[in-house]
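Working notes, structure below.
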Amino acid sequence: MHEIYPLASGFLVWVAFGVFIGGTVLRLVLLALKARRKDPVIYQYFSFYYAARSIIHWIFPFASKGMRDHPVFTIIAFVFHICLILTPIFVAAHVILIMESWQTGWWYLPNAAADIMTIIVVLCLLFFLARRILQKDVRYLSTAGDYVLLLLVAAPFITGFWTYHQWYGFETAGLLHMLSGELMLICLPFTRLFHMALFPFTRGYSGSEFGAVKGARDW
Amino acid sequence: MQDRQNWDWTPGRRIVGDFDKWRPAYEYMEEPHVSADGEKIAAIVKTGPEEFSVCVNGQPWESHFEKAWSLGFTQENCPVALVSDTAMWTVAVDGVTWNNWYEFVWNPIFSTKGSSITAAAQSELKYFALTDDIPWENSFLALTCLIATPDGKNIAAVVQDKRFAEADIDNFQQGCFTVAVNGNAWDTHYVNVWDLDFSGDGSQVAAEVRTSLYDYTIAVNGKTWDKQYSCVWAPRFHPSDGSVSAPVKLAGGWSLARNGEVIWNRRYFQLWHHIYSPDGNSIAAVTAPEFGRWTIAEDDQPWNLRFNELATDPVYSPGGDRIACVGKSGGKWYIAADDTIWDTPNDMAWQPVFSPDGSHVAAKAERDGRYTIVVDGRPVDEVFAAVMQPVFSPDGRRLLVKGILPESAGGQYCRHVFEVDALAP
Amino acid sequence: MNTKNNTETGADQKQIHDVAIEEGARRLTREKIHSVLSELIRTEGGARLSAYSNACVHCGMCSEACHHYLSNDRDPKLSPAGKVKQTIAVIMARKGKVGPDFMKKACEIAFTECNLCRRCMMYCPFGIDVAYLMLFIRRACHKLGVVPQYIQDTAHSHSATMNQMWVRDDEWIDTLQWQEEEARDEIPNIRIPIEKEGADIFYSVIGPEPKFRAQLIYQMAVIMHASGADWTMSATPGWDNSDMCMYTGDMEMTARLKKVHFEAATRLKTKRIVMGECGHAFRSVYDVGNRLLGWKMPPLPMVHAIEFYYEILQQGHIEIENKFEQPVTFHDPCNIVRGRGLHETARYVVDKTCKTFIELEPNREHNFCCGAGGGVINCGPPFKNKRVKSNRIKAEQLASAKSKGAEVVIAPCHNCHGGLEDIINHYELGMEIKFLADILYECMKKE
């Protein structure tokens, strides 16, 4: 098993980031080309001002009515996304690894904070899982893939936490942490996780249509 | 063509019909119409409670009607209106009604050669056409898109001659519509028929037809082209060789087809209102080479000029070597000739008119509620409260402008003949 | 408010018998469906279809935006994403390999369980346009010949007469002259100017006005006359601005209808188009047909009646003699509020003409749909009960305004009128429903 370790911490990291960045860019470019070919009108109507206006109302908590109507979900969703993105970037272990490799790094989170944020991510995921199971409409919408995605996102956080605290079998957990993290990155452009990259475009286009053509708000 | 040779082409302004004097006499008067030669000005006026007539050069017709509408002039300068009495309708020519009255009459067409008048009519829910007081022998369940040859001798219309019940979508889709020419329907029926055109000799009619909910093509005398398209627009006959062309929608965009074969290589976002040069050697059309950019294309070659909002009213010079049109950009209307836009923006512009040799273009335009005629890009030195389409003299040296002067200038109707050479920039 | 029978949900009555859907589906084979759907996805399934299909994270934020969902005891199948799941998601996942029964169900969902009102778009974090997706299904239904009978018949009327109601050329002109004659009893020299070339305003209406509500033409003539407007109406096809083809998915016909409408206005050399109080027609002319034909924005300015009333009131072209006495509330139609942002413009008109105004909650862009729009009411009698029951939330919203004193509902849209009328009757709300023109006509100084 230890033979995989260098692979997972070396080559596969590159592969994961390569697929994540390359895949995301490629899919967005393909989408842009498809739009050019079949929906040329989109480019005519896209307005950066109104796109930004709409995006801003949807990336700040409670700036839209839908969010105000669901305060609990809104808070959890925001906290989740913030922790999900910031924790891996600023967790000390990751920053130190980068420092060791490239003699450069950045500010990192105190360990306790990273711990708390990790726990928050996992708790939020549990909330989402419970919501998927308990809320009738969301349960109806959920597919097997949606549940797998929750697990996929949870895995690197749980295993990372495990590894950091050096609990039983932490070496295996560490390996699983790397592999699951890499898997998540690889999956990002090709699953519903891609919503991350699509958001500015779908929201921005709605904002453009509503703002520039229809003269109305969309939040 | 009107007998323009005999019109008064004496240069200068002449007040006609004392319009300013009789206008105040009527508490109700509709917008005036002017004969082609400019010698008559007429309007529908109210002569009593629920009593209407037509006043021509100050003289009301002796006959009065319950209703009158659709006032116009024949090519021979004779005023015509659609009139009704005791809820029946007919055509009144110079105040004299036709003998036959119908439950409704509409869509009068004046022949451009001779003095024929054609109209659509309905009685007892039967639909037919009339020419010079003679109705078609056959009637139909519905009638629309009435057209006539320039001499008024041949008439065609889209008609329904098969019944279908309310919400009977199956029978409708089997085809209940066709074309009737001089009262005789084609044998073939279609889901829909629109936009007819007569061949130059009047022997053939082309129509835009829908053969199923999804297939559009052109039919000529009841025979459809072999190919179907996802959409087509109005067909046009070549002026002399009997071929038919129409805009057709292909996978990559719009193009032009003749007798079912695509003849233009480019694909346009939009292409319609194609016109033949008088000799038939060239075709021009209104096109949008790209989404939201409008221009004229001649023989598949779009102008460099682009209008953002609209291109319309294309017209060939009599020699076929020039094209003019109206366009709209930035909320303003422009006139353009041969890919060159005239500088001054207008609030409205009408289809340009070429001089017989094609060397001059004149167009009616409106700016700030005042009308004028613009010749080769420069307005004539007179503004009007209303103005009609300008007419060139047969030799092309004079231009007849018919307009009503603004109230401040007396409000008269006048006929002004300009020397073209003095107008051109 | 009568709430009896309200527990019976629309969703449980799936597959209402509609002869055209049944017949259409009977003629289909799986092969035919597959070939039509894959061709449609290949040629018309653009970037938006891909992006919307991929961006949805099944979060359910859209559910409560939908009146069908709220009115049917939160039936998950009626949440916007639920409708997507049952229709386009299946077609995409199976690459068009679905059967006739699936298309029947998809047809009923897309045509009668979504009003294309776009309220959900304002609640989806990704701004997914569910109306676009439902219209894609309707387009597929059109291509496959599985369209509810009544709306298909209306589409036929459009294609044969260029209007919504089988109104023949002579009947149209005759109606205008009849209304002119009626109006002359009130204002002797009033005119409905037909074919007046060069008028400022081209006034267009929807087919049901000459057919059923001719008094609206009369009222508009009085408003135009009093405001001194220079206006005209076309005697030729093109006078009608409505468009059910946009809702059956027959976009070729939508393009044709809008072409004829714009060309009637340009032929008469008018400077702008003012249209009567209709919502879907506004959407068709302002937002849909123009794009199909190649215009980014309509080639002539497109003015909804509300904007016109605003303009003449604001510029003092008409005077209000006595404000409308009864307390009113205002229903924001989707196509001119979410579709054109006319909510404040409308409130200005209401404020100028009515004494007491009570807001519906929610309102403006967040107002609930009438349940009739998007062609749903045009699917006709087979779906009427379902439609009315599927908008209990609207009845509750109206009842709440009534409890605050509102007696009259103003709805400046024909479809909304039809829809709200059915709701008011079914739920025994005892409210009156009016167009803004009704109020304006009643309260203005006429000469």
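The values are calculated or read from the model by the stated rules, or taken from the named source; none is laboratory data. Remember, it's a predicted structure, so these values are computed and weren't measured experimentally. Note that we place each Cβ from the backbone using ideal geometry, even for glycine, and neighbour counts take in every protein chain shown.
For the reader, a short list of remarks on this structure follows.
- Boolean, B:Leu141 is in contact (Cβ under 8 Å) with a residue 12 or more places away in the chain and more than 12 Å from B:Val91 (Cβ to Cβ): yes
- Residues in segment C:131-151 that are outside any helix (DSSP H, G or I) and either more than 8 Å from every other protein chain (Cβ to nearest Cβ) or of a type in the set (Val, Ile, Thr) (or both): C:Val146, C:Val147, C:Pro148.
- Given (1) modelled with pLDDT of 95 or more; (2) facing chain B (nearest Cβ under 9 Å); (3) over 27 Å from B:Trp233 (Cβ atoms), index of the condition C:Arg168 fails: (3)
- Checked against (1) within 20 Å of the chain's Cα centre (by Cα); (2) within 11 Å of chain C (Cβ to nearest Cβ), A:Ser64 meets all criteria but (1).
- When C:Ser403 is tested against (1) surrounded by fewer than 23 Cβ atoms within 10 Å (Cβ to Cβ); (2) in contact (Cβ under 8 Å) with a residue 12 or more places away in the chain; (3) not aromatic (Phe, Trp, Tyr), only condition (2) is not met.
- Segments classed as helices (runs of 4 or more DSSP H), wholly inside segment A:144-219, with at least 3 members that are of a type in the set (A, V, I, L, M), surrounded by fewer than 18 Cβ atoms within 10 Å (Cβ to Cβ) and within 14 Å of chain C (Cβ to nearest Cβ): A:144-164
A quick yes/no check of all residues on (1) free of Cβ contacts under 8 Å to residues at least 60 places away in the same chain; (2) in the same structural domain as C:His414 (by TED's automatic domain parsing); (3) surrounded by 24 or more Cβ atoms within 10 Å (Cβ to Cβ):
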position	(1), (2), (3)
C:Ser284	yes, no, yes
C:Arg291	yes, no, no
C:Pro298	yes, no, no
C:Asn322	no, no, no
C:Glu344	yes, yes, no
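- Of all residues in segment C:242-262, those satisfying the criterion of being acidic (Asp, Glu) and either within 11 Å of chain B (Cβ to nearest Cβ) or in contact with an Asp or Glu (Cβ under 6 Å, 6 or more places away or on another chain) (or both) are C:Asp250, C:Glu252.
- B:Thr372 at negative phi and not in a strand (DSSP E or B): no
- Just one of the listed residues (A:Asp218, A:Asp137) is without any contact (Cβ under 8 Å) to a residue 40 or more places away in the chain and of a type in the set (Asp, Glu), and it is A:Asp137.
- Evaluation of B:Lys162 against (1) of a type outside the set (Val, Ile, Thr); (2) assigned to a loop (DSSP other than H, G, I, E, B); (3) within 20 Å of the chain's Cα centre (by Cα) (one fails), failing number: (3)
- Complete set of residues in segment C:228-273 that are within 17 Å of the chain's Cα centre (by Cα) and either outside the structural domain of C:Lys296 (by TED's automatic domain parsing) or part of a loop (DSSP other than H, G, I, E, B) (or both): C:Asn241, C:Ser242, C:Asp243, C:Met244, C:Gly249, C:Asp250
- Screening B:Met29 on (1) in contact with a Gly (Cβ under 9 Å, 6 or more places away or on another chain); (2) surrounded by fewer than 18 Cβ atoms within 10 Å (Cβ to Cβ); (3) within 27 Å of B:Ile404 (Cβ to Cβ) shows it passes everything except condition (1).
- Residue in segment B:226-268 that is farthest from the other protein chains (Cβ to nearest Cβ), counting only those that are in contact with an Asp or Glu (Cβ under 6 Å, 6 or more places away or on another chain) and hydrophobic (A, V, I, L, M, F, W, C): B:Phe237
- Some residue of segment B:159-168 being crowded, with 21+ Cβ neighbours inside 10 Å and out of contact with any helix residue (DSSP H, G or I) (no Cβ under 8 Å at 6 or more places or on another chain): yes
For every residue, the table says whether it meets (1) surrounded by 15 or more Cβ atoms within 10 Å (Cβ to Cβ); (2) without any contact (Cβ under 8 Å) to a residue 40 or more places away in the chain; (3) assigned to a loop (DSSP other than H, G, I, E, B).
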residue	(1), (2), (3)
B:Gln5	no, no, no
B:Arg14	no, no, no
B:Asp37	yes, no, yes
B:Ile44	yes, yes, no
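- Complete set of residues in segment B:238-255 that are outside any loop (DSSP other than H, G, I, E, B) and surrounded by fewer than 22 Cβ atoms within 10 Å (Cβ to Cβ): B:Lys249, B:Leu250, B:Gly253, B:Ser255
- Checking each residue in segment A:34-57 for being assigned to a helix (DSSP H, G or I) and either modelled with pLDDT of 95 or more or more than 20 Å from C:Gly46 (Cβ to Cβ) (or both) picks out A:Phe48, A:Tyr49, A:Tyr50, A:Ala51, A:Ala52, A:Arg53, A:Ser54, A:Ile55, A:Ile56, A:His57.
- Residue in segment B:184-193 that is assigned to a loop (DSSP other than H, G, I, E, B), at pLDDT 95 or above and hydroxyl-bearing (Ser, Thr, Tyr) present: yes
- In segment B:337-361, the qualifying residues are those that are in a loop (DSSP other than H, G, I, E, B) and of a type in the set (Gly, Ala, Ser), and the one that is surrounded by the fewest Cβ atoms within 10 Å (Cβ to Cβ) is B:Ser359.
- Of the residues making up segment C:277-299, those that are within 14 Å of the chain's Cα centre (by Cα), part of a helix (DSSP H, G or I) and not small (Gly, Ala, Ser) are C:His280, C:Phe282, C:Arg283, C:Val285, C:Tyr286, C:Asp287, C:Val288.
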